[in-house]
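Student: Quick one: this structure, given as structure tokens, is what I'll be asking you about.
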Amino acid sequence: MNRLQHEPMKVGTLGQRKAGAVNATAADKIYARWRKNHGERQASYAMQVCRLVWNWAVRHHDVTGVTFNPFSKMALSSVAADGNRPTSRAEYDLYRETARSLGWQAMATAAALSFELCQRVWDVFGFVDPDGIKQRGFVWADYKPGISIGYSQSKTGKPMYVPLYEMIDGERIMLFPDLEDELARDPHKALVMVVDEKTGMPFTYEQMNKRHRKICDEAKLPRDMTFTGFRHGGSTELGDAGIADVRPITGHTQLNTTAIYNKLSEEKARQAASVRLKCIRQLSESLSEQESENTRAVGGN
């Protein structure tokens, strides 16, 4: 509703219009605009929320003066055809490269936080989440380069700590090289990690969505590639690497407040990240070998 109240109308915004003055034509236009700008899934969800609010207003018409629900009988799709599809690592790499070329390092940083650490868009950007809780986002004070990164889960409010390295045969192996590369490129080190380069202020959802669409269009990435897809892609990659329990990184389950449990969780996160990194490297080597064989085959012909 916070986003809907700022929805532009022919005159003013939806939030400035009397509920009883919103007709079916206006509702249909809002739905069409949301489908174009935010996708079928979010558009349907937004209209369902409006329908509930107007149903309440109609039920209490003696107080509200509202006698008609313009959001009823809209033949909404309850979910998008394929939902939020996972973003592949190749798409993720191209997205970050394109964001940097457009001068939007913050978007590249945000994509890395979402994909590598499998975090929700609300936590990465520090938006007000669907439950109305203000999130602080990732802050630089919780990041120790080459050592660990901390963040707070919107669903639990509990802190998460993920180690960024492991020692193998006396050698220090960095577990999230792409993530740390993006963080090293980011010039803003004041408080919150993801901020607008020009203003130094956190993004609104609308600002983020416009930049995301621009980056995808510029890179010729799929139209159905949502920012949420980064989290899905990172989680899928962990699963493909053979990690059965991804919770130490994704944070789906609350952390126990005891120091012992925190240490166990950090070790599990280290192991998961290590296996994932090995899988990524093996896949990269396999692709390189395949390209070399193709090159030799072409040369032989």
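Student: Going by the conditions given, is GLU182 within 30 Å of MET1 (Cα to Cα), acidic (Asp, Glu) and under 17 Å from the mean Cα position of the chain (by Cα)?
Tutor: No; evaluated as a whole, the condition is false for this residue.
Student: Check the stretch 47-66 and report whether any residue there is in contact with a helix residue (DSSP H, G or I) (Cβ under 7 Å, 6 or more places away or on another chain), over 30 Å from LEU277 (Cβ atoms) and in a loop (DSSP other than H, G, I, E, B).
Tutor: Within the stretch 47-66 (the criterion being in contact with a helix residue (DSSP H, G or I) (Cβ under 7 Å, 6 or more places away or on another chain), over 30 Å from LEU277 (Cβ atoms) and in a loop (DSSP other than H, G, I, E, B)), the answer is yes, since at least one residue qualifies.
Student: Just wondering, is there one or more residues in the stretch 282-292 that are modelled with pLDDT of 55 or more and either surrounded by 13 or more Cβ atoms within 10 Å (Cβ to Cβ) or within 16 Å of the chain's Cα centre (by Cα) (or both)?
Tutor: The answer is yes; a qualifying residue exists.
Student: Sticking with this one: Of all the residues that make up the stretch 16-40, how many are over 20 Å from LYS214 (Cα atoms), in a helix (DSSP H, G or I) and open to solvent by 50 Å² or more (accessible area, probe 1.4 Å)?
Tutor: Final tally of qualifying residues: 6.
Student: While we're here: Hey, among the residues in the stretch 135-165 that are in contact with a Lys or Arg (Cβ under 7 Å, 6 or more places away or on another chain) and modelled with pLDDT of 85 or more, which one's most open to solvent (accessible area, probe 1.4 Å)?
Tutor: Checked the stretch 135-165; the qualifying residue most open to solvent (accessible area, probe 1.4 Å) is TYR165.
Student: Okay, moving on. Looking only at the stretch 185-194, decide whether some residue is open to solvent by 50 Å² or more (accessible area, probe 1.4 Å), within 30 Å of MET1 (Cα to Cα), part of a helix (DSSP H, G or I) and in contact (Cβ under 8 Å) with a residue 40 or more places away in the chain.
Tutor: No, there is no match, as no residue in the stretch 185-194 is open to solvent by 50 Å² or more (accessible area, probe 1.4 Å), within 30 Å of MET1 (Cα to Cα), part of a helix (DSSP H, G or I) and in contact (Cβ under 8 Å) with a residue 40 or more places away in the chain.
Student: Applying the selection to the stretch 41-73, what residues are among the polar types (S, T, N, Q) and open to solvent by 50 Å² or more (accessible area, probe 1.4 Å)?
Tutor: Scanning the stretch 41-73 gives GLN42, GLN48, ASN55, THR64, THR67.
Every residue, every condition in (1) open to solvent by less than 50 Å² (accessible area, probe 1.4 Å); (2) within 23 Å of the chain's Cα centre (by Cα); (3) modelled with pLDDT of 65 or more; (4) closer than 24 Å to ASP178 by Cβ, yes or no:
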| site | (1), (2), (3), (4) |
| --- | --- |
| THR204 | no, yes, yes, no |
| LEU221 | yes, yes, yes, yes |
| THR226 | yes, yes, yes, yes |
| PHE230 | yes, yes, yes, yes |
| ASN256 | no, no, no, no |
| ALA259 | no, no, no, no |
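Student: Tally the residues that are open to solvent by less than 30 Å² (accessible area, probe 1.4 Å) and modelled with pLDDT under 85, restricting the search to the stretch 75-125.
Tutor: 2
Student: When you go through (1) on the phi > 0 side of the Ramachandran plot; (2) among the basic types (Lys, Arg); (3) at pLDDT below 75 one by one for ARG296, which number turns out not to apply?
Tutor: (1)
The values are calculated or read from the model by the stated rules, or taken from the named source; none is laboratory data. Bear in mind that the values here come from a model prediction, so they are computed numbers and not experimental data. Heads up, the Cβs are rebuilt from the backbone with ideal geometry, glycines too, and the neighbour counts pull from every protein chain shown. Keep in mind that these areas ignore ligands, DNA and RNA; they rest on the heavy atoms of the full protein, side chains included. Shrake-Rupley method; radii C 1.70, N 1.55, O 1.52, S 1.80 Å.
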